[in-house]
Amino acid sequence: MRNLRVMNAALLCAALMCAWSGVAAAWADDKNKSYEVSVYAIRATKSNSTISPELKPIAKSLKQRFNYAGFKLETKKNGKAAKGKTFNAILTSGYKAKVTPLERKGDRVKLRIEITKKAGKKEKKLTSTTVTINSGQFLPVGGWKIDTKSSDVLIVAVSGK
Amino acid sequence: MTDARENMEELLSRVAAGRLDDLTPEQIDALEVYLNDTPAAAEQLAEVRPATDAALGQDLPTPTSTEWENVWGNVEAGVETDSGAGANMHVAPVSNRSIAKGARLWRPAAALAACVALMLVWRVTSKPADAGWEIKLSDHVVVHDLEIYDDGAGFIAFDDDGAAMIWVFEANGSQEGA
């Protein structure tokens, strides 16, 4: 009988913990779900004309805007950030994108974008910009050399909604 | 004859007073014959109602709240325990034990149901943060500010359709991009 009561109490505690964690997670999720952020790290190259399947929808625009033939998706980072909170996306070759949602008006979203590169133990700031773009659509920012072995450059496409 | 009649009336008075047990079988037989022969006496006896027991008419004291609590405590103890003091009360018949057992199991059952429900809600409502969405360049870009560090240079190029891109030249001028 005592064992049954102990088991009941344990199960009730587990249920309460589950309920609390669920509520807390839902609350946190709701808070962080204010903005979704997506960051693509794209390697632009002249050594080939390969285009990653994920980039096919914008391949024509990329070729028109950038003097490169191949565009390879190096990495893709998606996450959520509350208004005024920064989403950090570690890219490739020490590059990092910091995206801070600032405002949403209708189908437009205002973002603060900062690109940095790891230099030893420090982070070197390369560029920062504040832009307003269509919600869910991307702005390409690029031009940094990815490595010393090639002339490939990094293009960072950023979006928020 | 008069004595016999008076005797019968005496017997009737005893019956009317509820003292039927005082009569002998012979007296009862005689009274029965008398009542059959004397309808008026039978009718008079039929209207007579025996006096109520004095004890039944008393206002008995009701149980106090403490006594009620003790009684309910004993009942609950008998329902919850299968052994020990509660078992001696025999308050829970065999057919009711399943009900009592079910009552004891509702907590773990409810806890399990809550866990399952929470898991289902979490699975349904949560969306993987890595899902992302299809890439499409914005055709309406407003650049509020742009800073290029480390002696680099940058420019903003707009397409005819309003799309824009930001291009950065590093200080060593290694790019030949846009």
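The values are calculated or read from the model by the stated rules, or taken from the named source; none is laboratory data. Since the model is a prediction, treat every value here as computed from it, not as a measurement. Backbone-built Cβ (ideal geometry, glycine too); neighbour counts: all protein chains shown. Only protein heavy atoms, including side chains, enter the accessible area calculation; ligands, DNA and RNA are left aside. Shrake-Rupley method; radii C 1.70, N 1.55, O 1.52, S 1.80 Å.
Of note:
- Extreme residue, farthest from B:Val142 (Cα to Cα), among residues of region A:139-156 that are at the interface with another protein chain (Cβ under 7 Å from one of its Cβ atoms) and open to solvent by less than 10 Å² (accessible area, probe 1.4 Å): A:Val153
- The condition (being open to solvent by 60 Å² or more (accessible area, probe 1.4 Å), out of contact with any Cys (no Cβ under 6 Å at 6 or more places or on another chain) and over 17 Å from B:Trp133 (Cα atoms)) is satisfied by just one residue among A:Lys118, A:Lys110, A:Lys76, A:Lys98: A:Lys118.
- Those residues of region A:74-106 which are of a type in the set (Ser, Thr, Tyr), within 14 Å of chain B (Cβ to nearest Cβ) and touching a Lys or Arg at 6+ places or on another chain (Cβ under 9 Å), in sequence order: A:Ser93, A:Tyr95, A:Thr100
- Residue list for region B:143-158, restricted to those being touching a strand residue (DSSP E or B) at 6+ places or on another chain (Cβ under 8 Å) and part of a loop (DSSP other than H, G, I, E, B): B:Tyr149, B:Asp150, B:Gly152
- Applying the criterion of being open to solvent by 50 Å² or more (accessible area, probe 1.4 Å) and more than 26 Å from A:Tyr35 (Cβ to Cβ) to the residues of region A:53-73, the residue that is farthest from the other protein chains (Cβ to nearest Cβ) is A:Lys72.
- Residue list for region A:139-161, filter: of a type outside the set (A, V, I, L, M) and farther than 15 Å from B:Phe155 by Cα: A:Lys145, A:Asp147, A:Thr148, A:Lys149, A:Ser150, A:Ser151, A:Asp152, A:Ser159, A:Gly160, A:Lys161
Matching residues to (1) within 21 Å of A:Ser135 (Cβ to Cβ); (2) at pLDDT 95 or above:
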| residue | (1), (2) |
| --- | --- |
| A:Ala82 | yes, no |
| A:Ser93 | no, no |
| A:Ala97 | yes, yes |
| A:Asp107 | yes, no |
| A:Leu111 | yes, yes |
| A:Glu114 | yes, yes |
| A:Ala119 | no, no |
| A:Glu123 | no, no |
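- Odd one out for A:Gly136 among (1) open to solvent by less than 20 Å² (accessible area, probe 1.4 Å); (2) touching a residue at least 24 places away in the same chain (Cβ under 8 Å); (3) in a strand (DSSP E or B): (3)
- Output for region A:39-52, where each listed residue is at the interface with chain B (Cβ under 8 Å from one of its Cβ atoms) and at pLDDT below 95: A:Ala44
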